[in-house]
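Here is the structure we will look at, set down as structure tokens.
Every read-out reported here was derived from the displayed coordinates using simple, explicitly stated rules and does not represent laboratory data. Since the model is a prediction, treat every value here as computed from it, not as a measurement. Counting neighbours? That spans all protein chains shown, and the Cβs are built from the backbone with ideal geometry, glycine included.
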Amino acid sequence: MPQTAFRLNSFTESVIREMTRISDRYHAINLSQGFPDFDPPYQLVAAARQALADGYHQYAITWGSPRLRKALAKKQQYWMQTDIDPDSNIVVTCGATEAMMVAMMTACNPGDKVIIFSPFYENYGADTILCGAEPIYVPLYPPTFEFDPDELRKAFQQGVKALVLCNPSNPTGKVFSFEELKLIAELACEYDTFVITDEVYEHIVYQPNIHRYMVSFPDMQKRTISCSSLSKTYSITGWRLGYVIACPEVIHAAKKVHDFLTVGAAAPLQEAAVAALEFPLTYYAALQKEYTQRRDLFLSYLDRAKLRYTTPQGAYYVLVDISDFGFENDTRFCRWLIKEIGVAAVPGSSFFHEPVNHLVRFHFAKKEETLKAAGERLLKIGTVV
Ligand code: GLN
């Protein structure tokens, strides 16, 4: 039989999805793969029904339905504080997952180097390798997940084509500070590098932290490829709606990549999502409030269970330190946690390039009752180990 491609040997299957499968097998409460167990706003469900009734069954324009791009430009223009033209600055994609792949393939030639902060969302390494580029990892040091500016500069000095920035960050919950972003922007300008952002958690930020868009920094308009999605902001991860926003030259190229990768995102859902993008600003304030309550509730259980963690500043993940429990590694701990405690988490090592084995990631995008049930089970950890 012919051999499958070598490029697949350098990365593994998604550990996040694997944990979900194990969790389901043992009927655990799944706090591994990050997605809500609550419904999206009811207006979106109604809008989706309407879109199907209205006959949106065939391909939308490949880079996105005109109504959706218009609504997206208006909303993102407000938040990103930059002019966005629906025709020349946007490509609608199948989730931010496709957006990141499109951005990477648009920016990188085979052999190019790409800076990735570690720990990182598992797709970035695979995306880089799939487009023939080489990842260069810059550590974010636990427990505060700050980077060493000298290490970052040294990485840029290796002649990199792009830097991937997940902000607010999965899995750390870090929101990059103004000073950190300013330095990244300055280095990107100095070394003529793209910054590919993953900003899917842009609206899930805990006070007093503030999300700042990379594109808003001086001279970053032409070199920022902003990727995001509607999944997290409107609790519709299964709708698979994401987008790339960038300057016309980049978007012209990105449209080609997207067209040949997927043709387009689901047409009726694109029409329905216009309703979401037209929500008033109060929606985003309420979202932030609700996620703050979920975070605080889950962290209160971690405190009671005497688990040590880094307080998330944004996104809906928390990294918990398991070194007190004496497990050989984090994967063993996670398997034990599913079977004996009935809660699923993701081994932190699957996000780190470095050999870091003492952290596990929980997510808290869940109903209050789910978080309480998981929290009650976690309280038993100390007695069972
Ligand atoms: N972004 C989510 C996570 O990190 C979901 C990942 C996925 O399975 N697409 O858990």
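Here are the numbers for this structure:
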| read-out | value |
| --- | --- |
| Inter-probe distance in nm under a simple model that places probes 7 Å from Cα toward Cβ, at Asp324 and Ser216 | 3.8 nm |
| Kirkwood Rh and Cα Rg combined as Rg/Rh, the chain | 0.96 |
| Distance histogram in 10 Å bins (all Cα pairs of the stretch 136-259, percent per bin) | 12, 42, 35, 11, 0 |
| GNM flexibility winner over the chain from Gln221, Gln77, Gln58 (Cα, springs under 10 Å) | Gln58 |
| Residues whose placed amide H lies under 5 Å from that of Ile225, excluding near-sequence neighbours | Val195, Ile196, Thr197 |
| Cα Rg, Dmax, the stretch 62-188, angstrom units | 15.8, 45 |
| Proxy reagent accessibility, fewest Cβ within 10 Å first, across Thr311, Thr93, Thr370 | Thr311, Thr370, Thr93 |
| Percentage relative contact order, the stretch 261-375, counting C-alpha pairs under 8 Å, at least six apart | 25 percent |
| Linear extension gain, Tyr42 paired with Glu278, 0.36 nm per residue minus alpha-carbon span | 83.6 nm |
| Choice from Leu130, Leu72, Leu281 with maximal GNM fluctuation in the chain (Cα, 10 Å cutoff) | Leu281 |
| 20 °C / 1.002 mPa s Stokes-Einstein diffusion coefficient of the stretch 1-150, Kirkwood radius on C-alpha pairs, µm²/s | 110 µm²/s |
| For Tyr137, distant residues with modelled amide H under 5 Å away | Ile116 |
| Computed helical MRE - 222 nm, the chain, DSSP H runs ≥ 4 contributing -39500 (n - 2.57), nearest 500 | -12000 deg cm²/dmol |
| Alpha-carbon gyration tensor eigenvalues x 5, square-rooted, for the stretch 12-86, Å | 33, 19, 15 |
| Overall dimensions of the stretch 228-299 as given by Cα atoms, namely Rg and Dmax in Å | 15.7, 46 |
